[in-house]
Amino acid sequence: MPSGGEARAVLRLRNITKRFGPLTANDAITFDLREGEVIALLGENGAGKTTLMNILFGHYMADAGEIEAFGHILPPGNPRAALEAGVGMVHQHFTLADNLSVLENIILGTEPLWRLGSGRAAARARIEQLSRDFGLAVHSDAKAGTLSVGERQRVEILKALYRDARVLILDEPTAVLTPQETDDLFATLRKAVARGLSIIFISHKMHEVLAISSRVLVLRHGRLVGEVATAETDRHQLAHMMVGSEIRAPEVGGAAPGRVLLRLRDVSTVPVGNAVGLRSLSLDLRAGQITGLAGVSGNGQTALADLIAGEIVPAAGAMEIGGREAKGWTPKAALEAGIGRIPEDRHRTGTVADFSLAENAVLEAYEKAPFSRRGWFDWQAVDRHTRSIIERYDVRCPGPDARIRLLSGGNMQKLILGRVLEAEPAIILAVQPVRGLDIGAVTYVQNRLIEAREAGAAVLLISEDLDEILTLADVIHVISEGRLSPAFARGSKSPAELGVWMAGQGFEEGGHAA
Amino acid sequence: MEILDILLSASFWAAAVRIASPLIFATLGELICERAGVLNLGIEGIMVVGAFAGWMAVYSGADLWTGVAVAMGAGMLFGLLHAILSVPFGLSQHVVGLGITLLATASTYFAYRVSLPEVTNPPRIEAFKELPIPIVSDIPIVGPALFAQTPLTYLAFVAAAVVAFVLYRTPLGLALRAVGENPHSVEAQGLSVTGLRMGAVIVGSGLMAVGGAFLTMSAFNSFFFEMVNGRGWICIALVVFGAWKPGKAVLGALLFAAFDALQIRLQQTSLGADIPYQIFLMMPYLLSILALVVMSRRAEVPAALMVPFNRGER
């Protein structure tokens, strides 16, 4: 798509500045959006992209600066004015009311409130027209709460189109989508651009930015640090601009596997609800080795992680930790046995959102010295510990007393990583440790896991990203329907060969091929 | 069977509908507040205010409908106070609500003592009279139960229909249902979360006060201390029982009222001679707890109920 130097500017941002306490989230940001172009706003988590868009849409008030839409100044802090000026936003956290139908969510706020009855038939026709024109298939009468993530996003886009938005802001729209859904989204966006809409696309995924945008703006630490035409740049340059330094992919040296620290023998678990249980699974985790567990999501990964973390107990089979059978297996026993856990869902099970960083940092050891002495909490020790994690793990935050929900995903994950690694666990259970993180954070987390391996820890890396497993793991198992494949040494199997196992072929019933 | 005789008597059903009427008003009021995401525990006190304000207005010479309007206005004032504290200030809805109940109750008693310092027995007023509707009121059982009531009872059922219509058939109702489920959805569509929630609390409180006014203006014809007697709390339970739906809530109010009417009558039967009357008094409450346990299992609670909304917070 040509960036068209003479196309008129539909949106002008001038010197937007926003501070949250001591943190400057946006620092004098200025740019224009021209008619019919897609600009990508690229930046790491916490670089200030979402804050900027929330100011543009009127959720936040900027401390300084002004916004002009189609030649008129937008009153600050007023989403209605932004909507009326033709600015539509697809929020990262969807803003749908689950108890309302798709149709109701779309027409919400588009009719005068004091009106008897509402024009649903016309609205339904219009929504159907829009969904055909833009390739956004949704069922108007479905309750929003029953929709899949992809469908919810389509409703969010329809909400903006229904209001005749001329500018679409998409905040990390692909973070929750499968690759197929992402392709569909891009097709929709291209249709929108063909009709003269302008788009701001926020992302930290470079290949997507390169695929969809005509111009890239890079944000770092709240500052606009660069602007390039997409045609004239590449991944390497963008990554460099985004992080501010060269990114090196993690390098993994040869492994020196030690003794077996955790051994599962023919372990089975009871399936819970729709989740798959383990079926007679045997696994060894060795010191100084990263064991990768590949597999399609929902094939027993959760059961295995929960089992090792002590949340469930085996229904059959034996589990040995450090050569001794695990008895009375609970999360606390798992912690005491030296198992460090990086949970899959950092928001739900990894942290307590409304606790401070300090409280979250000691969640797994608060009752032990030095954090507690004779039943009394030592806040100074907790504070010292948290400050050292913040410093050593590069957690960007307002301070140890800030609520953790204010942190970006990457910074939250760094705090969890610090909490786990500082306890010097013998066994590290890392479940999807880099999901949703930007490249800077991904490389950081992966390097730390490699360091832990060098230091002699047994690492179990559970990931749905085969590339990640192939890069990091010394031995690879594939899990499928609760069964485990034999161990494959690094480099002994191609991605395609592993894919066959992931599809469930090659397993013997009742055990694994030896 | 004595119970059968009671259940077949027209007076029993008429009593049930009469007892249900104040509950219907107040339950609707609470339902509107909760649908918008605000738990209004001021309900008990606001009913006391309504009972007093309506009665006092009529005692001072106003006509009955003016009295109802005065009660509603007084309730809305306390609703406004609740709304300011719980919505823009985002204070704990439990604390605000209980505070409003204590404040409203105490200031009512104070106003009573100031306006009638010398009185030992509260004066009676000329209250609403039964207004049988021709023809339909002659239907056996149903007629006296539903169509030979006071105008305020009719108004209760009209109010239920209006609330249901607004909630499910108008853009305003859509916005109300959305704001209690996910205020961000409302904000993102350019509506004011604060305005909607405050409006709901004020109007809802007005309805609660009319429920209170029913007691003095259509049931007891006078004002006593403690006359609301926990009805507000029952209405909170009825909202849950009704799964936040007006129709079901009305049914719940009728059910509770029927139990209440039944226990009064059972006390006068031969059973009443053997069993302490306190057991009968407990019955409606026990049965409502039981019904709540059964009914509220699958109820869809408004997701943002009791969650204050602060703009610009992640």
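The values are calculated or read from the model by the stated rules, or taken from the named source; none is laboratory data. Computed from a prediction, not measured in an experiment: that's the story for all the values here. For neighbour counting, all protein chains shown are included, and Cβ atoms are generated from backbone atoms with ideal geometry for every residue, glycine included. Areas reflect the complete protein model, heavy atoms only, side chains present, ligands, DNA and RNA absent. Shrake-Rupley method; radii C 1.70, N 1.55, O 1.52, S 1.80 Å.
Restricting segment A:228-240 to residues that are open to solvent by 30 Å² or more (accessible area, probe 1.4 Å) and either touching a residue at least 24 places away in the same chain (Cβ under 8 Å) or assigned to a loop (DSSP other than H, G, I, E, B) (or both), which is farthest from A:Asp438 (Cα to Cα)?
The selected residue is A:Ala229.
If only one of A:Ala123, A:Ala137 is open to solvent by less than 40 Å² (accessible area, probe 1.4 Å), more than 7 Å from every other protein chain (Cβ to nearest Cβ), hydrophobic (A, V, I, L, M, F, W, C) and in contact (Cβ under 8 Å) with a residue 12 or more places away in the chain, which one is it?
Working: A:Ala137 fails: open to solvent by less than 40 Å² (accessible area, probe 1.4 Å).
Just one listed residue meets the conditions, A:Ala123.
Which residues, taken from segment B:164-182, are crowded, with 24+ Cβ neighbours inside 10 Å and more than 9 Å from every other protein chain (Cβ to nearest Cβ)?
Once the filter is applied, which keeps residues that are crowded, with 24+ Cβ neighbours inside 10 Å and more than 9 Å from every other protein chain (Cβ to nearest Cβ), segment B:164-182 yields only B:Leu176.
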Checklist entry - Failed condition for B:Glu118, given (1) at pLDDT 95 or above; (2) outside any helix (DSSP H, G or I), with all others met? => result (1)
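Within segment B:139-165, work out how many residues are of a type in the set (A, V, I, L, M, F, W, C) and modelled with pLDDT of 95 or more. Explain how you work it out, then say what you get.
Applying the first criterion (of a type in the set (A, V, I, L, M, F, W, C)) to segment B:139-165 yields B:139, B:141-142, B:145-148, B:152, B:155-165.
From the residues that got through so far, the ones that are modelled with pLDDT of 95 or more too are B:152, B:155-165.
Here the count works out to 12.
Please work out which residue is nearest to the other protein chains (Cβ to nearest Cβ), limiting yourself to segment B:274-306 and to residues that are of a type in the set (Gly, Ala, Ser), open to solvent by less than 60 Å² (accessible area, probe 1.4 Å) and not in a helix (DSSP H, G or I).
The initial filter retains those residues of segment B:274-306 that are of a type in the set (Gly, Ala, Ser), namely B:288, B:291, B:296, B:299, B:303-304.
If we keep only those that are open to solvent by less than 60 Å² (accessible area, probe 1.4 Å) too, we end up with B:288, B:291, B:296, B:299, B:304.
Narrowing the set further to residues that are not in a helix (DSSP H, G or I) leaves B:296, B:299, B:304.
Numbers: B:Ser296: 16, B:Ala299: 12, B:Ala304: 9 Å.
Going through the qualifying residues, I end up with B:Ala304.
Please go through segment A:461-495 and pick out each residue that is in a strand (DSSP E or B) and either modelled with pLDDT of 90 or more or within 29 Å of A:Ala423 (Cβ to Cβ) (or both).
Of all residues in segment A:461-495, those in a strand (DSSP E or B) come to A:461-462, A:475-480, A:483-484, A:488-489.
Hits for segment A:461-495 are A:Leu461, A:Ile462, A:Val475, A:Ile476, A:His477, A:Val478, A:Ile479, A:Arg483, A:Leu484, A:Phe488, A:Ala489.
Which residue out of A:Leu41, A:Leu33, A:Leu23 is touching a Phe, Trp or Tyr at 6+ places or on another chain (Cβ under 9 Å), buried (at least 16 other Cβ atoms within 10 Å of the Cβ) and not small (Gly, Ala, Ser)?
On the way: A:Leu33 fails: touching a Phe, Trp or Tyr at 6+ places or on another chain (Cβ under 9 Å); A:Leu23 fails: touching a Phe, Trp or Tyr at 6+ places or on another chain (Cβ under 9 Å).
Just one listed residue meets the conditions, A:Leu41.
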Checklist outcome for this item: With criteria (1) within 14 Å of chain B (Cβ to nearest Cβ); (2) in a strand (DSSP E or B); (3) in contact with a helix residue (DSSP H, G or I) (Cβ under 9 Å, 6 or more places away or on another chain), A:Arg19 comes up short on (3)
Next on the checklist: For a quick check of your reading of the model, give me the residue pairs whose first member lies in segment B:257-276 and is closer than 28 Å to B:Gly232 by Cβ and without any contact (Cβ under 8 Å) to a residue 60 or more places away in the chain, whose second is in a helix (DSSP H, G or I) and of a type outside the set (Phe, Trp, Tyr), with beta-carbon atoms closer than 8 Å and at least 6 apart or on different chains.
Outcome noted: B:Phe259/B:Met283; B:Phe259/B:Pro284; B:Phe259/B:Leu287; B:Phe259/B:Ser288; B:Gln263/B:Leu281; B:Gln263/B:Met283; B:Gln263/B:Pro284
Checklist entry - From the list A:Ala458, A:Ala452, A:Ala426, which residue is modelled with pLDDT of 90 or more, under 21 Å from A:Gly253 (Cβ atoms) and open to solvent by less than 10 Å² (accessible area, probe 1.4 Å)? => result A:Ala458
Checklist entry - Can you spot a residue in segment A:336-353 that is of a type in the set (S, T, N, Q) and modelled with pLDDT of 90 or more? => result yes
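Out of segment A:19-31, which residues are in contact with a Leu (Cβ under 7 Å, 6 or more places away or on another chain) and of a type outside the set (S, T, N, Q)? Before you say what the answer is, go through the steps one by one.
First, the residues of segment A:19-31 that are in contact with a Leu (Cβ under 7 Å, 6 or more places away or on another chain): A:26, A:29-31.
Listed by number, the residues that qualify are A:Ile29, A:Phe31.
Taking the condition open to solvent by 80 Å² or more (accessible area, probe 1.4 Å) and either outside any helix (DSSP H, G or I) or under 25 Å from B:Ala10 (Cβ atoms) (or both), does B:Arg265 pass? Full working, then the answer.
Values: open to solvent by 80 Å² or more (accessible area, probe 1.4 Å): no; either outside any helix (DSSP H, G or I) or under 25 Å from B:Ala10 (Cβ atoms) (or both): yes.
Answer is no for this residue.
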Next on the checklist: Can you tell me which residue is nearest to the other protein chains (Cβ to nearest Cβ) among those in segment A:82-120 that are of a type in the set (Ser, Thr, Tyr) and closer than 23 Å to B:Ala303 by Cα?
Outcome noted: A:Thr95
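Residue-by-condition table, conditions (1) within 30 Å of A:Glu44 (Cβ to Cβ); (2) of a type in the set (A, V, I, L, M); (3) in contact with a Lys or Arg (Cβ under 8 Å, 6 or more places away or on another chain); (4) more than 14 Å from chain B (Cβ to nearest Cβ):
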| position | (1), (2), (3), (4) |
| --- | --- |
| A:Asp306 | no, no, no, yes |
| A:Ala334 | no, yes, yes, yes |
| A:Arg348 | yes, no, no, yes |
| A:Phe355 | yes, no, yes, yes |
| A:Leu363 | yes, yes, yes, yes |
| A:Tyr366 | no, no, no, yes |
| A:Arg374 | no, no, no, yes |
| A:Val395 | yes, yes, yes, yes |
| A:Ala402 | yes, yes, no, no |
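Does B:Ser185 count as within 12 Å of another protein chain (Cβ to nearest Cβ), of a type in the set (Ser, Thr, Tyr) and either assigned to a helix (DSSP H, G or I) or in contact with a strand residue (DSSP E or B) (Cβ under 8 Å, 6 or more places away or on another chain) (or both)? Walk me through it before giving the result.
Working: within 12 Å of another protein chain (Cβ to nearest Cβ): yes; of a type in the set (Ser, Thr, Tyr): yes; either assigned to a helix (DSSP H, G or I) or in contact with a strand residue (DSSP E or B) (Cβ under 8 Å, 6 or more places away or on another chain) (or both): yes.
Spelling it out, B:Ser185 is indeed within 12 Å of another protein chain (Cβ to nearest Cβ), of a type in the set (Ser, Thr, Tyr) and either assigned to a helix (DSSP H, G or I) or in contact with a strand residue (DSSP E or B) (Cβ under 8 Å, 6 or more places away or on another chain) (or both).
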